[in-house]
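The values are calculated or read from the model by the stated rules, or taken from the named source; none is laboratory data. Being a predicted model, the structure only gives us computed values, none of them experimental. Glycine also receives a Cβ, built like all others from the backbone with ideal geometry; neighbour counts cover every protein chain displayed. Accessible surface areas use protein heavy atoms only, side chains included; no ligands, DNA or RNA. Shrake-Rupley method; radii C 1.70, N 1.55, O 1.52, S 1.80 Å.
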Amino acid sequence: MSADDWLKEMQMSRRAPGRQDDIPPNDFYSILRLFEQGLMRYGQGNSLNAPSAGGIHPYDAIVFSWESRDRGDTYLVARRLNLHRRSYRVLPVDQEALRVYFPLVEVGPKRARVSYILVLSRPWLSMRKYGKRGYLYAQLDVGHAATALLGTAQEVGMARLSIHIPRPELRKILADFIPHREMHSVLSVCVPSQGKAEKQWSSEEEQSIFNQGTVENELESYSWDFISQYLLPEDTGDGSTLGEEAAFGSVSDMLHEGPPLRDWRKLSSIRRSCTGFADGDLPHEKIETLLSVLSVNAESDIREDAKPELGMAVVMPSGLIPAARPLSVPDEVSSVVQSDFIKDEHALTRACNGQVHLKKAQVFLIFYVNHGEKRALTWHGTRSCVYKASTKAHFVYLKAAKESVGVTAVGGYDERVWREVVGLSQEEDIIYLLALGVDSGEGEEKRDRSVNAYAHGE
């Protein structure tokens, strides 16, 4: 069969790059709307709803959807999304090999089909700026993105996220299409048809039907050997490898509707990272309200008793909370530390690697991993722990937007100092630090809200 015959059989055509695609069905348009509403601030160009270190947003995705031909039979279509260019590309995948993991599943009385979103991490984008610690940033950023999509899908339909996915098996099938990418998670979603996406998404065409890879970046290729030594093992995240029985369609009975927090899309659209804190104390009630979301769990396959455990600690100035009324925090928070250290603006600035906009922050939320005897897992912990940290932090971001409280992630910090303040052991590593306080409302908007992330010149 010639390339043209094959394209005709698959209901594709040789379009000029960038032309609007008029073939994708409503199901796929619904997924594009999900990305627009979940990650791209509604009505604000290409702004993304999920926070990202340096505004880099080091991730993309492949969407697997079951679609029908005119004669009634169905087939699995894989499309790779480029979120920054608002484009997608049909991938000539091995449908028979993939349908084992992405089966045709119909849900509800209207027999709506389940689509699958494979969320991919591109760590090089972060590591070329931040070095070794950039890998952790990439993991946290993609965790925020996956959480943003999950909550949005549950607000408009049903969804569930799977972290423990058959990575080695999928890697063998998709190797030509995901160079220099890590597979983060799979979202199984069932969302109602909502018509075409609001923005103009365009279809990209491969340079050749036989060129199955993507355009390579020479520097990224060169750097990959260095980066690969820091990557997490391509297993299910808990030390085991899943077989063919791990089809994501098996979770269709566990698809969950209703987002973790109310007004998910509304809060996502107004979320911002604070660029400066002002004088003033956060009210006792607001601190409790913000910390209350730490007890909320995202709908995923992560076991609550998974090892190593994610720890959370709260650090605030001494005297902020009166002794007569102790702070009420969820059971998930292991410790609340009141310290004069937070009152020392110079010491606090040094502990945050010279970031002066943090010197008036009131509360610091610290996520850490207790490795225990599994110290060999290295500083970044396990995939599930880092995802849980980014999920909890995402809930705090949205709750802070609702309560008009300033919040921002702290990318650079002196772990030795913070470890001493919290009282962590040598078996515990800090993986995420959030600062909360009175938002000064001054300064430029942080780059995680910029129209075009500056790292995507390519």
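Provide a single number: the residues in segment 121-135 that are in contact with a strand residue (DSSP E or B) (Cβ under 7 Å, 6 or more places away or on another chain) and open to solvent by 10 Å² or more (accessible area, probe 1.4 Å).
Within segment 121-135, residues that are in contact with a strand residue (DSSP E or B) (Cβ under 7 Å, 6 or more places away or on another chain) and open to solvent by 10 Å² or more (accessible area, probe 1.4 Å) number 1.
Condition check: over 18 Å from V156 (Cα atoms), open to solvent by less than 20 Å² (accessible area, probe 1.4 Å), modelled with pLDDT of 85 or more and among the small types (G, A, S). Does S203 satisfy that?
In short, no.
Which one is modelled with the lowest pLDDT among residues in segment 210-235 that are among the aliphatic types (A, V, I, L, M) and more than 25 Å from I31 (Cα to Cα)?
Across segment 210-235, the extreme among qualifying residues is L232.
Give the residue, chosen from V114, V105, V100, that is modelled with pLDDT of 85 or more, more than 30 Å from L433 (Cα to Cα) and crowded, with 17+ Cβ neighbours inside 10 Å.
Criteria check complete, one pass: V114.
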